[in-house]
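Asks: Take this structure, written in structure tokens, and hold onto it; I'll ask about it next.
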Protein chains: 2
Amino acid sequence: MGKIVRVDMSEGKARLEETPKSYANLAGRGLTSMIVGSEVPARCHALGRRNKLVIAPGALTGTGAPNSGRLSIGCKSPLTEGIKESNVGGTPGHQLGRLGIDAVVLESLPQGDGLHLLHLSKRGAELIPCGEYKGLKNYELVKKLQDRFGSKTSILSIGPVGEMKLSTATVAATDTSGFPCRHAARGGPGAVMGSKGLKAVVIDDEGTARVSAADPEKFKTGARRCTRAFKGNAFTQRLKDYGTSILVKGINSAGAFPTRNFREGYFKEVDRISGEHMKELLAARGGKQSHAGCSTCIIRCSNVYVDEQGSYITSSLEYETIWAHGANLGVADLDSIAWADRLCDDYGMDTMEIGAAIGVAMDAGLKPFGDSQGALELLKEVGEGTPLGRILGSGSWITGKVFGATRVPTVKRQAMAAYDPRGLHGMGVTYATSPMGADHTAGVMVHQNLDGELDPHKPDGQVDTCRQVQIRLAAVDCTGLCLFANRPIFLNPEGLQGMLEMMGARYGVVYTLDDFFALGRKVLRTEREFNLAAGMTRADDRLPEFFKEEKIPPHNVAFTVEDEDLDRLFEF
Amino acid sequence: MGKIVRVDMSEGKARLEETPKSYANLAGRGLTSMIVGSEVPARCHALGRRNKLVIAPGALTGTGAPNSGRLSIGCKSPLTEGIKESNVGGTPGHQLGRLGIDAVVLESLPQGDGLHLLHLSKRGAELIPCGEYKGLKNYELVKKLQDRFGSKTSILSIGPVGEMKLSTATVAATDTSGFPCRHAARGGPGAVMGSKGLKAVVIDDEGTARVSAADPEKFKTGARRCTRAFKGNAFTQRLKDYGTSILVKGINSAGAFPTRNFREGYFKEVDRISGEHMKELLAARGGKQSHAGCSTCIIRCSNVYVDEQGSYITSSLEYETIWAHGANLGVADLDSIAWADRLCDDYGMDTMEIGAAIGVAMDAGLKPFGDSQGALELLKEVGEGTPLGRILGSGSWITGKVFGATRVPTVKRQAMAAYDPRGLHGMGVTYATSPMGADHTAGVMVHQNLDGELDPHKPDGQVDTCRQVQIRLAAVDCTGLCLFANRPIFLNPEGLQGMLEMMGARYGVVYTLDDFFALGRKVLRTEREFNLAAGMTRADDRLPEFFKEEKIPPHNVAFTVEDEDLDRLFEF
């Protein structure tokens, strides 16, 4: 049995408790959603004293399982006002796992406006005032914390946007190189951390060992099977070669690459921002591809993006960011996109939500599409907290309201990701129905729509498949395995067997596929119930009307899944 | 049978149709809510082509009935995203009635971004391009329109805030002096008018006569009874002497005068902004009290506020505005409040919503409470459309989001009015449950709470009384009678008989009190159903949590009506 670190910000005290039985054998998204679902009143103010920020590593996180470094951060979202689990890699999850910490729960509000950091080590949990870090950006903050607490500590932190409590604010996580470049980004968990007055969590796992499974031998067997499955999968191999940016050309070819605020599905200048182009560029400049950014990663989809002089700009430049600050803004310049990513990392904001917000603002006439320097200036305004920056930093829905815009690509007030729901109907079903809002990771439907299983422009079968995928990924988010483990596990019987063996061996139980799906269903139901109690209805499970009314080039398709069909998603 | 003017903004054409039977004998709020309820898809974008703006005079508007000049403007609200009826006086309602127009319905969206005005006269309806008026403030615009179309025309118009499609935008209406100082303010109808590209409606009733009732003699008898009841009522007499600002000291004494963004219920400097003080001031300066601002008004609650030199600043300076830009901001200077009112009139924005937004921003630290000049500067930013102005102009809920505030006094995203729900529980019930959002006019519960009928600090009886009041006022809003007719009618049997006689004589039917209440219930149900279809739930019928958690001085009371009790309101 692990421990929960409860931090009462009003008293300025952290205390450890044994994880209660009601939360036993829950981890990752399962634990964050269960704690939020049972302890946070659904109608409370997301920045008020009743909300909680829950930080929980996955079930396998802290073990030696491949790609098991994921960490879930949950709360009532200030963006969607529903429940949120935001998932992040890097190294903090693994270190929390090694410390035997099932969850950190931040509660209440501080008395004044002072800042604290939470230090976690095998000696316990300590809350330390740190007003001197006020306003620091993530890179500078993390450098100072590493100098102070050791270069091997893992750090979760918020930048200025989190301190401002804006709904795009992330919780940054250090990667294997010690940079704060991985983010629990979606839904504004950084704003909740900011409201609690917590600037950082410093995790020092010195003197700890990997989490040992209840049945170590069986665990090793399972891990080996997974390793083989991950390495043998064609897509994970391409991820290793190109990173997630391999999707740029593919999704663009499919006509589902949202361009200029979802006006088109195809970006003509795609070759200048493609994964293939980036690979050549980084090779020539001395950047890194096939980088492992997260603890225990064997897929290595990360990269290190450098400038013409070979100096570090950011890591990892991902598909979603290339879209959000590239095609979505009509920008065809990888360097400026990389700088946008760096600014987002430094200020601590969701590259997708802020990119979508800038797209909405450009569409409303604030700046012309394609103005890459203008876009970077807007990002700087967010970091500086100017009024315009605060508008954008509040996300695309509020940006749409403030600029009187009607083409606003959000569901449950959260911006969509890099897949147009008209060109990829399956992603549209996920956007519409996920309790998380328009979050692609809650139900990735790309392969099913592009590999011939389903017609991406037709509703047939999308809801039934999406239901299974959402259930499956809700369970994956409990394991601590990364999203890219999903395919090798579910397309390769050996991978599936390996995952079930690891889960069973971890807890010393027999763990079946039924258990796994039951877990996914339980998590989804808990999240759905929270949202209903918060006041959401079926009307919130809908795409904005323009997706049904504006046909998107080049395929000239609208989103055609009927409302009644969407409403079947939660029939399980 | 009257006419409906349908204006298709995409074609740039206005056409007249006979009012269809399905809308027969509906008027005012009854007609706007019925048209919006049947013709506007509840989930559409409020600024999109499917929303409609419906402008409908009351059943008695255009007749000679006393205080019958009210006009209803309805739409899906961009502020609440629910249904909205915003009620305005002045002279346009009366003139529309005389023209035999039951409703003007603005539909679709213009092709480009050009502006139009709609000219209505006995010759018909004409849509006229008017790009030359782009960006004009209401006073200058109205002056130009009066010069062009005649000084006796009545005008409905939007200012820059409406053109910007911000959710605080009003539709201004000219008063009896021809000034654009009366506003359909709540819920952002001006933003919908702006989205339709309509800058003004010019109404010329030259050559028309008063609406004649089906039974003229009976009508006259009824009107006379009402006149006697209105004149004989003590409260309407006080309104005549002091205007609505007579409430300032009374509500303050009751500890229900929201001060400094609802932090306190009592404003120490109340004597500097009271109705009594204003009366003396205007008498000394040569302003006007007991002014009749609306057609057929015999109560004369309006005033003309002038500066030290006796020059016009604004008319009428009302209780709600004195609160919103006075105590709510910690400002004790009537002149600066009057200038705030003038700026709101000129830019076309809701004094309550924008005052509440500035209060939220001050509470979040943007400016200190009491900074009257700072508050005026903020108003100017809205008119100029700066980013900060656009934030505030989007209303208090969005202002709260953008500044990370937790004390945000809204229900259904609409700001409360000048009555703290802790000090006046009955108003809290209205705020929570009205389909309009936190709109005091939907269920004024002041007298019941302060005249001994109910304990203002206790839940007992509030919901049952509020239900009756909301039903009654929904019906009053169909008649075209002003809100202040409510008390004389329902406290004086002669007034009630007179009103029923007028309604019956108007349509040539027997009109009973049962008919009247049935109408109110029908309107409320229609509005409620729209909101449910738009995605609202019982969770939207709640006050923000701070009203239950923060006890308000001086009485140190919280809001204590239970959720289950609130949910009984729609049991009818």
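The values are calculated or read from the model by the stated rules, or taken from the named source; none is laboratory data. Just so it is clear, the model here is predicted, and its values are computed rather than measured. Virtual Cβ from ideal backbone geometry, glycine too; neighbours counted across all protein chains shown.
Asks: Hey, any hits in segment A:53-70 for a residue that's crowded, with 24+ Cβ neighbours inside 10 Å and within 14 Å of another protein chain (Cβ to nearest Cβ)?
Replies: no
The rows are residues; the columns are (1) within 14 Å of another protein chain (Cβ to nearest Cβ); (2) free of Cβ contacts under 8 Å to residues at least 12 places away in the same chain; (3) hydroxyl-bearing (Ser, Thr, Tyr).
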{"position": "B:Glu501", "(1), (2), (3)": "no, no, no"}
{"position": "B:Val510", "(1), (2), (3)": "no, yes, no"}
{"position": "B:Asp514", "(1), (2), (3)": "no, yes, no"}
{"position": "B:Phe517", "(1), (2), (3)": "no, no, no"}
{"position": "B:Gly520", "(1), (2), (3)": "no, no, no"}
{"position": "B:Ala533", "(1), (2), (3)": "yes, no, no"}
{"position": "B:Thr537", "(1), (2), (3)": "yes, yes, yes"}
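Asks: Within segment B:174-186, can you find the residues that are surrounded by 24 or more Cβ atoms within 10 Å (Cβ to Cβ) and either closer than 24 Å to B:Pro435 by Cα or among the hydroxyl-bearing types (Ser, Thr, Tyr) (or both)?
Replies: Across segment B:174-186, the qualifying residues are B:Thr174, B:Arg182, B:His183, B:Ala184, B:Ala185, B:Arg186.
Asks: If you take the residues in segment A:503-516 that are in contact with a Gly (Cβ under 7 Å, 6 or more places away or on another chain) and not in a helix (DSSP H, G or I), which one is surrounded by the most Cβ atoms within 10 Å (Cβ to Cβ)?
Replies: The qualifying residue surrounded by the most Cβ atoms within 10 Å (Cβ to Cβ) is A:Tyr511.
Asks: Additional query: Among the residues of segment B:539-551 satisfying the criterion of being more than 7 Å from every other protein chain (Cβ to nearest Cβ) and either part of a helix (DSSP H, G or I) or in contact with a Cys (Cβ under 9 Å, 6 or more places away or on another chain) (or both), which is surrounded by the fewest Cβ atoms within 10 Å (Cβ to Cβ)?
Replies: If we take residues in segment B:539-551 being more than 7 Å from every other protein chain (Cβ to nearest Cβ) and either part of a helix (DSSP H, G or I) or in contact with a Cys (Cβ under 9 Å, 6 or more places away or on another chain) (or both), then B:Glu549 is surrounded by the fewest Cβ atoms within 10 Å (Cβ to Cβ).
Asks: Just to be sure, is A:Arg472 surrounded by 20 or more Cβ atoms within 10 Å (Cβ to Cβ), at pLDDT 95 or above, of a type in the set (Lys, Arg) and in a helix (DSSP H, G or I)?
Replies: Working: surrounded by 20 or more Cβ atoms within 10 Å (Cβ to Cβ): no; at pLDDT 95 or above: yes; of a type in the set (Lys, Arg): yes; in a helix (DSSP H, G or I): yes.
So A:Arg472 fails the test.
Asks: To continue, here is another question. With respect to A:Thr236, is the statement that it is of a type in the set (Ser, Thr, Tyr), touching a Pro at 6+ places or on another chain (Cβ under 7 Å), modelled with pLDDT under 95 and part of a helix (DSSP H, G or I) true?
Replies: yes
Asks: Another one. So B:Thr208 ticks every box in (1) surrounded by 17 or more Cβ atoms within 10 Å (Cβ to Cβ); (2) out of contact with any Phe, Trp or Tyr (no Cβ under 6 Å at 6 or more places or on another chain); (3) assigned to a loop (DSSP other than H, G, I, E, B) but one. Which box is left unticked?
Replies: (1) is the only condition that B:Thr208 fails.
Asks: So B:Leu500 ticks every box in (1) of a type in the set (A, V, I, L, M); (2) touching a Gly at 6+ places or on another chain (Cβ under 9 Å); (3) not in a helix (DSSP H, G or I) but one. Which box is left unticked?
Replies: (3)
Asks: Follow-up question, since we're still on this one. Which ones in segment A:90-128 are free of Cβ contacts under 8 Å to residues at least 40 places away in the same chain and either in contact with a Pro (Cβ under 8 Å, 6 or more places away or on another chain) or among the aliphatic types (A, V, I, L, M) (or both)?
Replies: Hit for segment A:90-128 is A:Ile128, nothing else.
Here's the yes/no breakdown for (1) of a type in the set (Gly, Ala, Ser); (2) surrounded by 22 or more Cβ atoms within 10 Å (Cβ to Cβ):
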{"site": "B:Gln95", "(1), (2)": "no, yes"}
{"site": "B:Leu99", "(1), (2)": "no, yes"}
{"site": "B:Ala103", "(1), (2)": "yes, yes"}
{"site": "B:Leu118", "(1), (2)": "no, yes"}
{"site": "B:Tyr133", "(1), (2)": "no, no"}
{"site": "B:Asn138", "(1), (2)": "no, yes"}
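Asks: Quick check, is A:Gly374 away from chain B (no Cβ under 12 Å) and without any contact (Cβ under 8 Å) to a residue 24 or more places away in the chain? Talk me through it step by step, then tell me what you get.
Replies: Values: away from chain B (no Cβ under 12 Å): yes; without any contact (Cβ under 8 Å) to a residue 24 or more places away in the chain: yes.
Spelling it out, A:Gly374 is indeed away from chain B (no Cβ under 12 Å) and without any contact (Cβ under 8 Å) to a residue 24 or more places away in the chain.
Asks: Between B:Val382, B:Val408, B:Val402, B:Val360, which is within 9 Å of chain A (Cβ to nearest Cβ), out of contact with any strand residue (DSSP E or B) (no Cβ under 6 Å at 6 or more places or on another chain) and in contact (Cβ under 8 Å) with a residue 12 or more places away in the chain?
Replies: Matching residue, one of B:Val382, B:Val408, B:Val402, B:Val360: B:Val408.
Asks: Hey, A:Trp397 hits all of (1) assigned to a loop (DSSP other than H, G, I, E, B); (2) within 24 Å of A:Thr433 (Cβ to Cβ); (3) within 13 Å of chain B (Cβ to nearest Cβ) but one; which does it fall short on?
Replies: Every condition holds for A:Trp397 apart from (1).
Asks: Oh, and also: Taking segment A:56-88 as the region of interest, how many residues are closer than 13 Å to A:Thr170 by Cβ and of a type outside the set (D, E, K, R)?
Replies: 9
Asks: Still on this model: For B:Arg525, only one of the following conditions fails: (1) closer than 23 Å to B:Met34 by Cβ; (2) in contact with a helix residue (DSSP H, G or I) (Cβ under 7 Å, 6 or more places away or on another chain). What is its number?
Replies: (2)
Asks: Only one of B:Gly437, B:Gly428, B:Gly423 is farther than 30 Å from B:Gly30 by Cα, out of contact with any His (no Cβ under 6 Å at 6 or more places or on another chain) and crowded, with 24+ Cβ neighbours inside 10 Å. Can you tell me which?
Replies: On the way: B:Gly437 fails: farther than 30 Å from B:Gly30 by Cα; B:Gly428 fails: farther than 30 Å from B:Gly30 by Cα.
Sole residue among the options that is farther than 30 Å from B:Gly30 by Cα, out of contact with any His (no Cβ under 6 Å at 6 or more places or on another chain) and crowded, with 24+ Cβ neighbours inside 10 Å: B:Gly423.
Asks: Would you mind stating whether A:Thr399 is surrounded by fewer than 22 Cβ atoms within 10 Å (Cβ to Cβ), modelled with pLDDT of 95 or more and either under 18 Å from B:Arg390 (Cβ atoms) or not β-branched (Val, Ile, Thr) (or both)?
Replies: So A:Thr399 fails the test.
Asks: Also: Given the structure, is B:Pro554 farther than 30 Å from B:Ser396 by Cβ, more than 14 Å from chain A (Cβ to nearest Cβ) and not hydrophobic (A, V, I, L, M, F, W, C)?
Replies: no
Asks: Also: If you go through segment A:538-562 one residue at a time, how many are more than 24 Å from the chain's Cα centre (by Cα) and closer than 17 Å to B:Met536 by Cβ?
Replies: The number of residues fulfilling the criteria is 2.
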